[in-house]
Structures are given as structure tokens and as C-alpha cells.
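Visitor: Encoded as C-alpha cells, here's the structure I'll be asking about.
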Amino acid sequence: MAKIFCVANQKGGVGKTTTTVNLAAALSSIGQRVLMVDLDPQGNATMGSGIDKREMKLSVYDVLLESATIAEAAAWSESCRYHVLGANRELAGAEVELVDLERREKRLKQALSSVLDQYDFILIDCPPSLSMLTLNGLCSAHGVIVPMQCEYFALEGLTDLVNTIKQVHANLNPDLQIIGLLRVMFDPRITLQLQVSDQLKAHFGDKVFDAVIPRNVRLAEAPSYGLPGVVFDPAAKGSQAFVSFATEMVQRIQKM
């Protein structure tokens, strides 16, 4: 039975998509069956998984409007070795179209229920805003993985996200919890980052993952080749850090 995780942070530019595609690729590389769901209309996670968003006949948009099933809409990424439920510009219109529909915030959850036995992990890349799309992701998930930079403004955004998760937990999805905080784009030479990292560990304890993703040029280059860094350059420090993170994720889930 698949475990479903949102990769979410209401602050933009913190590495949500990079985290999603590299975690998916790393989990696949250690033998896990993975479905990556792109809920961002920009479709960056789709393109970064080797799937051309402009050539998709069916996408997550069709799944949310119940005109296609996940089995019909998901594509296999040969280079990354996981399934992708992709997104493109059409998804921006789903925000408006979902407003008047029944069960609007639980459409993704219902669609995923039919494929839970086919995967070990389902990872959902959420947009940076708290939208109907993000709400569909949070209502579907067992937990939230929060990628964050160790900077002051990131702490401000984290407070907002924790409050949002509490509200969704109380009103829509009692299973939802924060699985862990992942420190990304980390540079140990910067004193402020070390200080914020220590603050996170002091406040959140074991909710902070042991794995740390360093600032890494190869991870940044990989999307231009339509690949996660883990596939593009497996030997890079950032790629190896994501494989360590994936291993830690599997171990943490086994203890849940």
C-alpha cells in the first residue's frame, strides 16, 4: 500500500520541485515503486522527469475533472524509472473549474485510491501558494515533506505552513502530519545557515531529517537536460545526498 507525501512549502524558490524529482529518482534507484504527481501548472516536475508537457494527451487536469483515470493519464519515464502524472498550462484553469464542483478538495484523493496497491511511494509536487490544487494534495497525503533553506525568511514561511497543515488536519484530513523538514541548498561555510539549522533541530527535534542537501551545481544543471540530478550525475554530492535522504525516508516510514 503506497504512502502518499506532499512536498510543500508556501515560500517559492526553496527547491520543492528539485526535491520531488530527485527523491522520486532516488527512491526508484533503491528499488521502490514510485508515482510522481505534478500539481504545479508550470509543469517543471514533469519536464524535469523526462516527460514533455507539451506532448501529453492526458494530464493531472483530466484526472481532477474525472475525465481520465490515473492509469490512463500517468506516463512511464524511461530515463527516471518512475511513473509521472504530469501537469501543463491546462491545470491553471482547473482552479476556476473546481470551485463549483462537488468534493472539489478530495478529487485527487479519490483518484489515487485506485492505484495505491501499485506503488510504494506517491510524491506530490505542490505549487507555492495555498490554492485548491495544494489543498487537493494535502487532503490526499499521509504526510508533508518540507524542503527549506536555512535562512531567516524561511523560518517565517514555515510558521505559516505549520498553521495550514494544522487546519487541514483538523477539518479535512486527520491523517495529515509533518513527516520531516529537509534542509536544502545548504552551505556550511555560512554562519547564519548553521545557526538556523541549529534552531530547527532545537525546535523540531527528530522531525528534522538527518540528510542535508548541499548547494550543488550539478543539481541545478540537471533540469536543463530534462532529468533529476540523481539520474543526470549520480556521483555528484547533491545526488548522493538525495539517495541518503531516500534511504532515511524508507527507514522512517517503516517505523511509522
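Visitor: So if I take the centroid of the Cα atoms in segment 104-119 and the same for segment 51-102, what is the distance between those two points in Å?
Guide: If we compute the Cα centre of each part, the gap is 13 Å.
Visitor: Kindly flag which residue pairs out of Lys207/Lys255; Lys109/Lys201; Lys11/Lys166; Lys53/Lys109 have an alpha-carbon separation exceeding 25 Å in this structure.
Guide: Those over the limit are Lys109/Lys201.
Visitor: Answer rounded, prolate or oblate for segment 3-255, using the Cα gyration tensor with square roots of eigenvalues a ≥ b ≥ c: rounded when a/c is under 1.5, else prolate when a/b is larger than b/c, else oblate.
Guide: oblate
Visitor: Further, regarding this structure: Which residues make up the longest stretch of the chain clear of GluC sites (Glu not before Pro) that lie in a DSSP loop with no more than 10 other Cβ atoms within 10 Å, not counting the sites?
Guide: Within the chain, the longest run free of exposed GluC sites (Glu not before Pro) spans 103-256.
Visitor: Express the relative contact order of segment 13-134 as a whole percentage, based on alpha carbon pairs under 8 Å and six or more residues apart in sequence.
Guide: Here the relative contact order equals 36 percent.
Visitor: Please give every one of the lysines within straight-line cross-link reach of Lys237, meaning a C-alpha to C-alpha distance under 21 Å, and leave out same-chain neighbours fewer than 8 residues apart.
Guide: Correct list for Lys237: Lys16.
Visitor: Let me ask something additional. So, with +1 on the Cβ of K and R and -1 on the Cβ of D and E, and no other charges, what is the size of the charge dipole of segment 1-138 about its Cα centre, to the nearest 20 debye? Working shown, then result.
Guide: Values: 14 positive and 17 negative charges, 77 e Å.
Charge dipole of segment 1-138: 360 debye, to the nearest 20.
Visitor: I would also like to ask the following. With only Lys, Arg, Asp and Glu charged, each at its Cβ (+1 for the first two, -1 for the last two), find how big the charge dipole of the chain is about the Cα centre; round to the nearest 20 debye.
Guide: My answer is approximately 540 debye.
Visitor: Further question: Scanning the chain for trypsin sites (Lys or Arg not before Pro) in DSSP loops with at most 14 other Cβ atoms within 10 Å, what's the longest stretch left with none?
Guide: 104-188
Visitor: Related question: Scanning the chain for helices, which whole DSSP H stretches are 15 Å or more long along the axis (Cα) and average -0.5 or more by Kyte-Doolittle? Walk me through the numbers before you get to the answer.
Guide: Working: long enough: 16-29 (20 Å, 0.39); 152-171 (30 Å, 0.15); 191-204 (20 Å, -0.17); 237-255 (27 Å, -0.26).
Taking the DSSP H segments of the chain (at least 15 Å long, mean hydropathy at least -0.5), we get 16-29, 152-171, 191-204, 237-255.
Visitor: Mind sorting His142, His83 by how few other Cβ atoms lie within 10 Å of their own Cβ, fewest first?
Guide: Ordered from fewest to most neighbouring Cβ atoms within 10 Å, His142, His83 come out as His142, His83.
Every read-out reported here was derived from the displayed coordinates using simple, explicitly stated rules and does not represent laboratory data. These numbers were taken from a predicted model, which means no experiment stands behind them. Quick reminder, even Gly has a Cβ in these numbers, built from the backbone with ideal geometry, and neighbours come from all protein chains shown.
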